[in-house]
Amino acid sequence: ESLWFPLWHKLVYMSSHLAFTLGYSMRIQGQHNMPATGPALLIANHQSYIDPPLVGVAAKRPLVYLARKTLFRNRYFAKLIRSLNAVPIDQEGVGKEGIRTILEQLQLGKAVLVFPEGERTYTGAQVPLKPGIHLLIKRVHAPIVPVGIAGAFDAWPRTKRIPSLAPLWLPAMPGTISISVGKPVDAAQFAAMPREKVLAELFDLIRVEQERAEKLRRK
């Protein structure tokens, strides 16, 4: 990271926070649960294109984002997302390359965001987690922070080309957004669990936060 990164991150954080608050009536809870320093693995449900910056705003601290290599084809966009700690990988979800990259970043003391569902939901509902998250969790030596996102699917689902705003100064609309950050969980507790049990436990951690976020939304 450059010497300018802390200032750049603060500028992006403040502008994004303002934009989401004004444009989507954003509400956040549980920010105090996010570890301020040291490695952390954030796991969140995946509703929309805007999920990564939403979680970034909720986390407050800089995050590392995994991004498909195709997103780096445009050199200007690539420069922008690299400046925000996006790391290129070959595939979405938690594949072998993704796992290796995540572990490397955690060893550097970074906070890494992962969407264990592997892709954006088509319906708004949470979908089963990809099996690869089990391989990752068994090798992680960092707190796991569950994050729930609500409203982003209504604001900008994968089937729409442009988002639907829910401005703060207008009556509540479907696209109002909320994020809930849960308490960190020790990854060691999953070490001896069978795969299906791990997937179910992680799914429930995210589901609880997603339900909390849903209750928090401006309606």
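The values are calculated or read from the model by the stated rules, or taken from the named source; none is laboratory data. What you are looking at is a predicted structure, and each value in this text was computed from that prediction instead of being measured. FYI the Cβ positions are ideal-geometry reconstructions off the backbone, even for glycines, and counts take in every protein chain you see. With ligands, DNA and RNA removed, areas are computed over all heavy atoms of the protein, side chains included. Shrake-Rupley method; radii C 1.70, N 1.55, O 1.52, S 1.80 Å.
Of all residues being in contact (Cβ under 8 Å) with a residue 40 or more places away in the chain, open to solvent by less than 20 Å² (accessible area, probe 1.4 Å) and out of contact with any Pro (no Cβ under 7 Å at 6 or more places or on another chain) in segment 96-110, which is farthest from residue 58 (Cα to Cα)? Just the residue, please. Among residues in segment 96-110 that are in contact (Cβ under 8 Å) with a residue 40 or more places away in the chain, open to solvent by less than 20 Å² (accessible area, probe 1.4 Å) and out of contact with any Pro (no Cβ under 7 Å at 6 or more places or on another chain), the one farthest from residue 58 (Cα to Cα) is 99. If you check 185, 181, 208, which single one turns out to be within 18 Å of residue 139 (Cα to Cα) and either open to solvent by less than 40 Å² (accessible area, probe 1.4 Å) or in contact with a strand residue (DSSP E or B) (Cβ under 8 Å, 6 or more places away or on another chain) (or both)? Exactly one of 185, 181, 208 is within 18 Å of residue 139 (Cα to Cα) and either open to solvent by less than 40 Å² (accessible area, probe 1.4 Å) or in contact with a strand residue (DSSP E or B) (Cβ under 8 Å, 6 or more places away or on another chain) (or both), namely 185. Sub-6 Å Cβ pairs linking a first residue in segment 1-29 that is closer than 28 Å to residue 219 by Cα to a second residue that is among the aromatic types (Phe, Trp, Tyr) and surrounded by 18 or more Cβ atoms within 10 Å (Cβ to Cβ), at least 6 apart or interchain, are 26/20, ordered by first then second residue. Of all residues in segment 47-56, none are open to solvent by 30 Å² or more (accessible area, probe 1.4 Å), touching a helix residue (DSSP H, G or I) at 6+ places or on another chain (Cβ under 8 Å) and either among the acidic types (Asp, Glu) or over 18 Å from residue 206 (Cα atoms) (or both).
For segment 10-40, a tally of residues being open to solvent by 40 Å² or more (accessible area, probe 1.4 Å) and in a helix (DSSP H, G or I) returns 11.
Given the conditions (1) charged (D, E, K, R); (2) outside any helix (DSSP H, G or I); (3) modelled with pLDDT of 90 or more, and given that residue 119 satisfies all but one, which numbered condition is not satisfied? Tallying (1) charged (D, E, K, R); (2) outside any helix (DSSP H, G or I); (3) modelled with pLDDT of 90 or more, residue 119 fails exactly one: (3). Screening segment 122-155 for residues that are of a type in the set (A, V, I, L, M) and in a loop (DSSP other than H, G, I, E, B) and picking the one that is surrounded by the fewest Cβ atoms within 10 Å (Cβ to Cβ) gives 125.
Considering only segment 53-60, I want to know if a residue exists there that is assigned to a helix (DSSP H, G or I) and free of Cβ contacts under 8 Å to residues at least 40 places away in the same chain.
Checked against the condition, which is being assigned to a helix (DSSP H, G or I) and free of Cβ contacts under 8 Å to residues at least 40 places away in the same chain, segment 53-60 yields at least one hit.
Residues that are of a type outside the set (S, T, N, Q), over 21 Å from residue 17 (Cα atoms), free of Cβ contacts under 8 Å to residues at least 24 places away in the same chain and loosely packed, with under 15 Cβ neighbours inside 10 Å do occur in segment 84-91, at least one of them.
Only one of the listed residues (99, 43, 81) is of a type in the set (Val, Ile, Thr), part of a helix (DSSP H, G or I) and within 24 Å of residue 141 (Cβ to Cβ). That residue is 99.
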